[in-house]
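The values are calculated or read from the model by the stated rules, or taken from the named source; none is laboratory data. All of these numbers come straight from a predicted model, not from anything done at the bench. All Cβ positions, even for glycine, are placed from backbone atoms using ideal geometry, and neighbour counts span all protein chains on display.
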Amino acid sequence: MKAVRARVSPEFMVIYRISSIDLMDGGMTGEEVAELARRVEAAGADMINTGIGWHESSVPTMAAPVPRAAWIDAIRNVKRAVGIPVMASNRINAPDVAEEIIASGAADLVSMARPLLADPEFARKTRENRADEINTCIACNQACLDRIFTDRVATCLVNPRAGREIEFDDSKTTAPKHFAVVGGGLPAWPLRSMPRSVVIGSPCSRQAISSVAN
């Protein structure tokens, strides 16, 4: 950290990322993480960006079963240890969750990655009070992390444009077609409003769709 700070101008922002909780046998304790944060600040960092755990950890950190903002207490531990801004991350995929984190004082900023693959217009829609239109990341990891870890291009299960933006044509088709979606579970719910689509699903699927719609 000191070497980087010495090589850049005072106006150049240096952000240091640390794991706010290791989730590994023999990993750092909360106090050790706080001490690391203090030393990073003393060495000249302008901001700390927090991560959660390690890929080698057997504890899920950002999969769908993990509650939103589940690791906020670990991030708050870092925030309390330093005077520079602290950025929160991991399982934060909705504007209201991010707002709650900042309002609580647990962090000064929130960083997102997968939610922006799901919807590149996330920030714009939030700013324009259109959060209900955000295409929400479902934390499946199937098309982003799973692909990266196997040396493939990342994309998104709920946004197939991600990583292929220049391959899509937004112009209207000159040859519209009728189509059916067989297996009308929750993913097919938005298709109900399309004029040329038919959703065929089990009673259970239709009941789930009705519950979400209401």
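Taken over the stretch 115-148, the criterion of being surrounded by 16 or more Cβ atoms within 10 Å (Cβ to Cβ), of a type in the set (D, E, K, R) and either assigned by TED's automatic domain parsing to the domain that holds R91 or under 20 Å from M62 (Cβ atoms) (or both) is satisfied by D119, R147. Among residues of the stretch 1-13 that are more than 14 Å from A42 (Cβ to Cβ), those with a beta-carbon under 9 Å from a residue that is among the charged types (D, E, K, R) at least six positions away or on a different chain give the pairs F12/R5; F12/D46; M13/D46.
Taking the stretch 38-75, which residues are assigned to a helix (DSSP H, G or I) and either under 24 Å from L116 (Cβ atoms) or small (G, A, S) (or both)? Outline the logic, then answer.
Just the residues of the stretch 38-75 that are assigned to a helix (DSSP H, G or I), to begin with: 38-42, 72-75.
If the condition is that a residue be assigned to a helix (DSSP H, G or I) and either under 24 Å from L116 (Cβ atoms) or small (G, A, S) (or both), then A42, I72, A74, I75 are the ones that fit.
Can you confirm whether the stretch 62-73 contains a residue that is assigned by TED's automatic domain parsing to the domain that holds S9, within 25 Å of I134 (Cβ to Cβ), touching a residue at least 60 places away in the same chain (Cβ under 8 Å) and crowded, with 17+ Cβ neighbours inside 10 Å? If you could, list the steps in order and put the result at the bottom.
The initial filter retains those residues of the stretch 62-73 that are assigned by TED's automatic domain parsing to the domain that holds S9, namely 62-73.
Next, from what is left, pick out any that are within 25 Å of I134 (Cβ to Cβ): 62-72.
So of that shortlist, the ones also touching a residue at least 60 places away in the same chain (Cβ under 8 Å) come out as 62-64, 66.
Now narrow it down to the ones that are crowded, with 17+ Cβ neighbours inside 10 Å: 62.
Yes; the residues of the stretch 62-73 include at least one that is assigned by TED's automatic domain parsing to the domain that holds S9, within 25 Å of I134 (Cβ to Cβ), touching a residue at least 60 places away in the same chain (Cβ under 8 Å) and crowded, with 17+ Cβ neighbours inside 10 Å.
Take the conditions in a loop (DSSP other than H, G, I, E, B), over 17 Å from C156 (Cβ atoms) and out of contact with any Lys or Arg (no Cβ under 9 Å at 6 or more places or on another chain) and apply them to I84. Does it pass? Give the steps one after another, and end with the answer.
Values: in a loop (DSSP other than H, G, I, E, B): yes; over 17 Å from C156 (Cβ atoms): yes; out of contact with any Lys or Arg (no Cβ under 9 Å at 6 or more places or on another chain): yes.
Taking the combined requirement at face value, the residue satisfies it.
What do you reckon, is A131 at pLDDT 90 or above and in contact with a Ser or Thr (Cβ under 6 Å, 6 or more places away or on another chain)?
Working: at pLDDT 90 or above: yes; in contact with a Ser or Thr (Cβ under 6 Å, 6 or more places away or on another chain): no.
Criteria not met by A131.
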